[in-house]
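J.: What follows is a structure written as structure tokens; I'll ask about it next.
The values are calculated or read from the model by the stated rules, or taken from the named source; none is laboratory data. Keep in mind the model is a prediction, meaning the values are calculated, not measured. Here the Cβ positions follow ideal geometry from the backbone for every residue, glycine too, while neighbour counts run over all protein chains shown.
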Amino acid sequence: MDILDKLVDLAQLTGSVDVQCLLGGQWSVRHETLQSEGLVHIVTSGSGYLCIDGETSPRPVSTGDIIFFPRGLGHLLSHDGKYGESLQPDIRQNGAFTVKQCGNGQDMSLFCARFRYDTHADLMNGLPETVFLNIAHPSLQYVVSMLQLESEKPLTGTASVVNALSSVLLVLILRAYLEQEKDAQLSGVLKGWQDKRLGHLIQKVIDKPEDEWNVNKMVAAANMSRAQLMRRFKSRVGLSPHAFVNHIRLQKGALLLKKTPDSVLSVALSVGFQSETHFGKAFKRQYHVSPGQYRKEGGQK
């Protein structure tokens with residue numbers, strides 16, 4: 001597994017892309033800010049305007065645009081780019097898809113996807129508030145074409161196909177955005193991973209956080225001095241090297257608590273902590289609940 005696979009795994013992602021919106025006439029649809037949830041709009045036909053919370057000017061959107069809100073930032077889609085009363089759409093089921101019809105006619109249509117994830121997921125927290133892409137990216141074209149095919153008429157197994165496509169869609173969006181290199185606005189672990197001096201080390205730590213990552217080993221892996229390593233980690237990742245290792249260990253621990261029946265002690269030792277007590281204290285500082293509470297509450301913290 002490469003680093004993107006690992007970060008997707010640690011994020012504990014679940015999602016669906018089973019909503020189709022058909023918008024016409026004088027339409028206006030508001031999406032409130034979401035907690036630990038990302039939202040994607042894929043414009044398959046027509047045009048309209050996007051008003052994003054905190055921005056003063058509306059953005060035009062049209063056929064082929066993909067708008068991704070990694071942290072569910074509030075926004076309004078409308079026919080004229082003006083803030084107005086959000087209309088309540090008519091809702092009906094079409095096979096595996098929930099169809100939301102707003103207004104008369106069909107001036108713009110789009111698929112909507114939602115993704116839930118662990119609050120501390122570096123994959124989502126390292127992205128900007130809004131990511132803009134276009135279906136022109138070849139891999140995204142295939143996924144959107146499949147969604148359109150599945151939505152046109154009921155087919156056997158559509159729900160299974162749509163559920164699988166949600167994961168594929170998110171990974172392809174992330175891949176397409178990260179391929180933009182200098183244009184990608186990243187922070188935290190993602191920014192550190194894109195750094196030519198730190199990328200190799202960060203990938204190795206994420207791959208095996210349970211290893212003994214002392215400063216000397218990290219200095220050797222990054223091929224820089226101790227002082228350089230400290231400065232570069234702080235400026236790129238926002239954490240010290242030691243804090244970064246613990247940060248990843250705790251995310252892996254959270255994943256194991258949610259997906260395995262292993263004891264808290266077993267989880268603690270398997271991610272590199274020397275005792276259940278040490279793991280428990282560090283976990284509570286980061287997740288604000290004990291490992292046992294986190295597991296009991298389904299990891300939604």
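J.: Test of understanding: among 225, 151, 160, which residue is surrounded by 21 or more Cβ atoms within 10 Å (Cβ to Cβ), of a type in the set (S, T, N, Q) and either more than 24 Å from residue 6 (Cβ to Cβ) or not assigned by TED's automatic domain parsing to the domain that holds residue 97 (or both)?
T.: 151
J.: Take residues that are touching a Leu at 6+ places or on another chain (Cβ under 9 Å) and acidic (Asp, Glu) and tell me which of the helices (runs of 4 or more DSSP H) falling wholly in the range 223-295 contain 1 or more.
T.: On the way: elements: 226-236, 241-259, 264-270, 276-287.
Filter on the range 223-295 gives 276-287.
J.: While we're on this one: I need every pair where a residue in the range 19-39 that is closer than 20 Å to residue 166 by Cα and among the hydroxyl-bearing types (Ser, Thr, Tyr) has its Cβ under 7 Å from the Cβ of a residue that is part of a strand (DSSP E or B) and modelled with pLDDT of 90 or more, sequence separation at least 6 or different chains.
T.: That search, which allows pairs on different chains as well, returns 36/116.
J.: Only one of 168, 219, 205, 237 is aliphatic (A, V, I, L, M), buried (at least 18 other Cβ atoms within 10 Å of the Cβ) and either under 30 Å from residue 53 (Cα atoms) or in contact with a strand residue (DSSP E or B) (Cβ under 6 Å, 6 or more places away or on another chain) (or both). Can you tell me which?
T.: None of the other options fit; the residue is 237.
J.: Restricting attention to the range 122-142, which residues are surrounded by fewer than 22 Cβ atoms within 10 Å (Cβ to Cβ) and among the hydrophobic types (A, V, I, L, M, F, W, C)?
T.: Result: 131, 132, 133, 135, 136, 140.
J.: For the range 74-104, how many residues are in contact with a Gly (Cβ under 6 Å, 6 or more places away or on another chain), surrounded by 12 or more Cβ atoms within 10 Å (Cβ to Cβ) and in contact (Cβ under 8 Å) with a residue 60 or more places away in the chain?
T.: 1
J.: For residue 242, state whether it is surrounded by fewer than 15 Cβ atoms within 10 Å (Cβ to Cβ), free of Cβ contacts under 8 Å to residues at least 60 places away in the same chain, of a type outside the set (Val, Ile, Thr) and under 19 Å from residue 117 (Cα atoms).
T.: Considered against the rule, which asks whether it is surrounded by fewer than 15 Cβ atoms within 10 Å (Cβ to Cβ), free of Cβ contacts under 8 Å to residues at least 60 places away in the same chain, of a type outside the set (Val, Ile, Thr) and under 19 Å from residue 117 (Cα atoms), residue 242 comes out as no.
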